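J.: I am attaching a structure below and will ask some questions about it afterwards.
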Amino acid sequence: MSTIGDLTRLLEQIPLWKALRALPDRVAALERRVEALEAELAARPVAESCLLCGGTLKVTDIQPDRHFGKLGLQTHTLTCEGCGKSQTRQVDPSKSGR
């Protein structure tokens, strides 16, 4: 049985063996990080696409709605990052999850 002990002590002196022994813990930690990042990504809102060019629409202005601002509604201006065209939308912030 001392042969196995000797072999184990010999393997512990090899840097690659030490790295291989740590690998399962490192893989598990990376899997947890990937899972957390995927959950964060899934929680982000999906960007809308421009109907004209397919570019990404980005909110560039938020104002109280002209007619229903006193009721809490807003007008969002969305501008396409591709073609620069803009559009407005009436938004109820209490229902949008923001």
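The values are calculated or read from the model by the stated rules, or taken from the named source; none is laboratory data. What you see is a predicted model, and the numbers here were worked out from it, not measured in a lab. Note that each Cβ is placed from the backbone with ideal geometry, even for glycine, and that neighbours are counted across all protein chains shown.
J.: Consider segment 54-98. How many of its residues are over 24 Å from A43 (Cβ atoms), of a type in the set (D, E, K, R) and not in a helix (DSSP H, G or I)?
T.: Residues that pass the stated criteria total 4.
J.: Over 26 Å from the mean Cα position of the chain (by Cα) and among the acidic types (D, E) - does that describe any residue in segment 45-55?
T.: No, segment 45-55 contains no residue that is over 26 Å from the mean Cα position of the chain (by Cα) and among the acidic types (D, E).
J.: Just wondering, is there one or more residues in segment 65-72 that are at positive phi and either without any contact (Cβ under 8 Å) to a residue 12 or more places away in the chain or β-branched (V, I, T) (or both)?
T.: No, the conditions are met nowhere in segment 65-72.
J.: So G54 fits all but one of (1) surrounded by fewer than 11 Cβ atoms within 10 Å (Cβ to Cβ); (2) without any contact (Cβ under 8 Å) to a residue 24 or more places away in the chain; what number is the exception?
T.: That leaves (2) as the condition not met.
J.: Taking the stated definitions as given, is I62 β-branched (V, I, T) and surrounded by 11 or more Cβ atoms within 10 Å (Cβ to Cβ)?
T.: Here the answer is yes, as I62 does meet what is asked.
J.: Considering only residues of segment 11-51 that are within 30 Å of Q87 (Cβ to Cβ), aliphatic (A, V, I, L, M) and surrounded by fewer than 10 Cβ atoms within 10 Å (Cβ to Cβ), which is modelled with the lowest pLDDT?
T.: Per the stated criteria, the residue is V46.
J.: State yes or no: is T3 surrounded by 10 or more Cβ atoms within 10 Å (Cβ to Cβ) and either among the polar types (S, T, N, Q) or in contact with a Lys or Arg (Cβ under 9 Å, 6 or more places away or on another chain) (or both)?
T.: Criteria not met by T3.
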